[in-house]
1. How high is the relative contact order of the stretch 29-113, in percent, counting Cα pairs under 8 Å that sit 6 or more residues apart?
2. Per the Kirkwood definition applied to all pairs of different Cα atoms, how many angstroms is the hydrodynamic radius of the stretch 155-297?
3. Could you calculate the FRET efficiency of HIS132 with ASN155 from 1/(1 + (r/R0)^6), where r is the beta carbon distance between them and R0 is 41 Å, rounded to 0.05?
4. Per residue, how much accessible area does the chain show when a 1.4 Å probe rolls over the protein heavy atoms, in square angstrom?
5. Return, in residue-number order, each cysteine of the chain whose C-beta is not under 4.7 Å from any other cysteine's C-beta.
6. Could you work out, for the chain, what percent of all Cα-Cα pairs fall into each 20 Å distance bin, beginning at 0 Å and stopping at the bin that holds the largest distance?
7. Quickly estimate the mean residue ellipticity at 222 nm for the chain, helices only: each DSSP H run with n ≥ 4 gives -39500 (n - 2.57), and the total goes over all residues, rounded to 500.
8. Expressed as an acute angle from 0 to 90° and rounded to the nearest 10, what is the orientation of the C-alpha long axis of helix 24-38 relative to the principal long axis of the chain?
Amino acid sequence: MSLTHSIQKTIGRFAPSPTGHLHFGSLIAAVASYCMAKQSGGEWLLRIDDLDQPRVVAGAADIIMHQLETFGLLWDRSVVYQSERSEIYRAAIERLKQVGLTYPCSCSRREILASAPHLGEEGAIYPGTCRHKIQPTNSSYCTRITTPDNEILFNDGIYGPISQNLAREVGDFPLQRADGIFSYQLAVAVDDHACGVNQVVRGRDLLFSTPRQIHLLQQLGYAIPTYTHIPLVLSLDGEKISKRHHQVGDSLEQSPSTLLYLALDFLGQHPPKDLCAEQPATIVVWACSHFNLQHVTPADRVFPLK
Ligand code: GLU
């Protein structure tokens, strides 16, 4: 292998769902993924995760892009919209089907709850009821992928070694819902590969989605990126902050520079106080050259903004 082959350029990405404006928690994930991609001379891509059209808020993607520009977080390449990529997801499911890894499932939510051995991190663990049925018993069915009864392991940049037995802790999971919507897990795995993403940095709420994505990447024969999950900002009531809490640049008084400064502070980067007075572009340059993952405190926590 030639030397040029073994030195891989970092390709990171930010992949917001356009269900509202950016909030402080998503700003933190954006800043961390931007700094980690750029500090090694890599590219930072923007993907809009707008598959779940019923949840998409009209105009939100444009607002998010405008907010990112205001923060000086500028993406390389054209924006990828998942809603335009159905054919690619369909083809990936077809490949998995050809090797016997998928099956149609017509179980209702209620049936799954009643038959699940126990509840997992994300609800009922599907016990594989339809795995061996030849035909779906109903005209409305989702497509599931079989999961292996062994540990899927990865080393998270912050949380260290993580392992999950998909069969026991998650169950066979959907690739396409009965209403035709492709699953988040499928779309993310396919798109990260298609865009050459080799560094995934995102919120800790997705830590336990990672083994599902690794399983899909492995079954499709694709390379596995590195994964780093960023601790969550909690609201005063202890919940993950969401769109209804702090929409940056909307309900908050702070300037983009102050918010960037606070995001770096949350990430443990100890930005110098006078950085607050600088333009966002200057703060982002400082952040990229000083970013140190070792300084991030892993615990989710409340971070007062007002
Ligand atoms: N679209 C997802 C979200 O907004 C993030 C997807 C990802 O980073 O893998 O929560």
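The values are calculated or read from the model by the stated rules, or taken from the named source; none is laboratory data. Quick caveat, the model's predicted, so the values are computed rather than measured. All Cβ positions, even for glycine, are placed from backbone atoms using ideal geometry, and neighbour counts span all protein chains on display. Quick note on the areas: whole protein, heavy atoms, side chains included, nothing else; ligands and nucleic acids left out. Shrake-Rupley method; radii C 1.70, N 1.55, O 1.52, S 1.80 Å.
1. Details: 46 pairs, mean separation 26.9, N = 85.
Value for the stretch 29-113: 32 percent.
2. With all distinct Cα pairs of the stretch 155-297 included, I get 17.7 Å.
3. Values: r = 35 Å, r/R0 = 0.86.
In this case the efficiency is close to 0.70.
4. Working: 14750 Å² over 306 residues.
Computed with neighbouring chains in place, this is 48 Å² per residue.
5. CYS35, CYS107, CYS142, CYS195, CYS276, CYS288
6. 31, 56, 13, 0
7. Working: 10 runs with 98 residues, N = 306.
Taking each H run of at least 4 residues, the total per residue is -9500 deg cm²/dmol.
8. Orientation of helix 24-38: about 80 degrees from the principal axis.
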